[in-house]
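Each remark here refers to the structure printed beneath this line.
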Number of protein chains: 2
Amino acid sequence: MQSKRYAIIVAGGAGIRMGFDIPKQFIELAGKPILMRTIEVFDGLLNGPEIIIVLPETQIEYWHQLCHKHSFDVKHRLAKGGAERFYSVLNGLSLIDTDNATVAIHDGVRPFVNQSVIEECFETAYEKGSAIPVIQPVESVRLVESSGTVAFPRSKVMLVQTPQVFQYRLIKEAYAQPYNPNFTDDASVVEAMGGRVFTVTGNVENIKITTQTDLVFASALLKSR
Amino acid sequence: MQSKRYAIIVAGGAGIRMGFDIPKQFIELAGKPILMRTIEVFDGLLNGPEIIIVLPETQIEYWHQLCHKHSFDVKHRLAKGGAERFYSVLNGLSLIDTDNATVAIHDGVRPFVNQSVIEECFETAYEKGSAIPVIQPVESVRLVESSGTVAFPRSKVMLVQTPQVFQYRLIKEAYAQPYNPNFTDDASVVEAMGGRVFTVTGNVENIKITTQTDLVFASALLKSR
């Protein structure tokens, strides 16, 4: 192995948007919490990463109960979530104990990422420094301008998924910057300090489960497999 | 009624991309072809439009058989599809017999558009000349540039759905232009001659069913209702 692999899986959702009593990462899909399904995708890689889960402090006890209830035995460490996603990732990064590492940062509520996409992101990031999965929108695209909206070529737009994967030295340096509300994802943090971000082709099923409609789609995807 | 309403529903798919034997608009969802479900949404409006269906000439006989089989009795006229979507819409427009009209142009494989969205598009287009439904992407966005891709504010990007609704005089004039491969949707045809395009908020369930994954989502959406 050329560099140690880590996966920081960020599960910060409070679940309020979905109108559920429990945070969305704990909602069960076919009897198993979404977050466990996400972890298992990474754990199932041939060259699997060391797994770090970032959870709000208030949810950690509940997570332990869930692991016990589901006999979930995938080895992982826990980091505490912060007030912003930025701080959550920072806490996850603090658990990495070697500079010679490649780090995937992934949304806990994206259990449908293909393992081949994760593998390609790890390999590309190892070679080039960074790799994020993107897909093209199916819809026509318009840009918002002061006068209204105007048509824009769909082929020039990419929608960004996770995992966003980086050489540890690069992402550590990026996250040494002060927090900025313009940081929308890890790639934007890296770019803010002048780093380059490379893309790989994602898989369309890799949806982020954040609404009731997403949950309907997620259940259907699982059944169709 | 202030102006006559029309809906041109374009169903040109050959179904090849989905790997099915039949065109995607004829695939059954819970026992009923997608195209019939789409038509019924428009027909169910309080102030329902006159309906024009655009179909490839080779599919018209099959469509008649399907209507018979499903006892489908929503009144509609048929126009022949063209080699490009542009020509299909043009053929649909040719069946409109009054200038005082508002015309919705809709994808035959979008059966999940909300009636309230259609109504708002009709009303806005009647007032302002045009209206198309748009939604914001859930994902972070990047733009493709010559040097690679670069982060772009998600809030400045809109994904375009249908129906795209126009005052008939405006859309007729727009479609008098010669065909241009840059015409990606009806709004772009209107803009190419300097027309303004207004937006309304679409509904996220209004997916265009073009892949097997979309079909999985569509079946699930239908069951969840």
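What follows draws every value from the coordinates through simple rules; no lab data is involved. The structure displayed is predicted, hence computed values, not measured ones. Counting neighbours? That spans all protein chains shown, and the Cβs are built from the backbone with ideal geometry, glycine included.
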(request) Report the Stokes-Einstein translational diffusion coefficient (µm² s⁻¹, integer) for the protein assembly as shown, Rh taken as the Kirkwood radius over Cα pairs, at 10 °C with viscosity 1.306 mPa s. (result) 67
(request) Scan region A:9-105 for GluC sites (Glu not before Pro) in coil per DSSP, keeping those whose Cβ has at most 14 other Cβ atoms within 10 Å, and list them by number. (result) A:84
(request) Calculate one ³J(HN,Hα) per residue across region B:97-108 by plugging θ = phi - 60° into the Karplus curve 6.51 cos²θ - 1.76 cosθ + 1.60, and present them in order as whole Hz with x for glycine and proline. (result) 10, 9, 6, 8, 9, 10, 10, 9, 10, 9, 6, x
(message) Under 5 Å between amide hydrogens, which residues at least 5 positions from residue B:53 or on another chain qualify, with H placed 1.01 Å from N in the peptide plane?
(response) B:9, B:77, B:78, B:79
(request) Working from the alpha-carbon coordinates of region A:99-142, get Rg over Rh, Rh being the Kirkwood radius. (result) 1.06
(request) Of the DSSP beta bridges with both residues in region B:4-223, give the percent that are antiparallel, rounding to the nearest 5. (result) 45
(message) As a quick test, which of the pairs A:128/A:208; B:32/B:208; B:75/B:128 have an alpha carbon distance above 23 angstrom in this structure?
(response) A:128/A:208; B:75/B:128
(request) Could you work out the mean count of beta carbons from other protein chains within 10 Å of each residue's beta carbon in A:132-141? (result) 6
(request) Take the Cα coordinates of chain B, assign each an equal point scatterer, and use the Debye formula without solvent to give log10 I(q)/I(0) at q = 0.08, 0.10, 0.12 Å⁻¹. (result) -0.29, -0.45, -0.66
(request) Beyond 14 Å, what share of the Cα-Cα pairs of region A:156-224 is found? Please give it as a whole percent. (result) 66
(message) With an 8 Å Cα cut-off and a minimum separation of 6 or more residues, compute the relative contact order for chain A in percent.
(response) 23
(message) Spelling out what I want: for every residue of region A:208-222, take phi, set θ = phi - 60°, compute 6.51 cos²θ - 1.76 cosθ + 1.60 (Karplus), and round to whole Hz; glycine and proline get x.
(response) 8, 7, 10, 10, 4, 5, 4, 5, 4, 4, 4, 4, 5, 4, 4
(request) Could you tell me the distance between the Cα centroids of region B:110-179 and region A:134-210, to the nearest Å? (result) 22
(request) Let me know the volume per residue of the alpha-carbon convex hull for region A:75-203, in Å³. (result) 142
(message) Using the Cα centre of chain A as the reference point, and only Cβ charges (+1 on K/R, -1 on D/E), how large is the resulting charge dipole? Debye, rounded to the nearest 20.
(response) 260
(request) Just flag the trypsin sites (Lys or Arg not before Pro) in region B:1-108 sitting in loop per DSSP whose Cβ has no more than 12 other Cβ atoms within 10 Å. (result) B:75
(request) Scan around residue B:112 for amide H atoms under 5 Å from its own, H built in the peptide plane at 1.01 Å from N, and keep only partners 5 or more places away or cross-chain. (result) B:207
(request) For the protein assembly as shown, build the charge dipole from Cβ charges (+1 Lys, Arg; -1 Asp, Glu) around the Cα centre, then report which of A:33, A:184, B:155 sits farthest towards its positive end. (result) A:33
(request) Two decimals is fine: what's Rg over Rh for region A:37-89, C-alpha atoms, Kirkwood radius as Rh? (result) 1.00
(request) Take peptide B:151-163, look around each residue's Cβ out to 10 angstrom, count Cβ atoms belonging to other protein chains, and average those counts. (result) 6
(request) For residue B:5, enumerate residues with amide H under 5 Å from its amide H, sequence gap 5+ or separate chain, H modeled in the peptide plane. (result) B:50, B:102
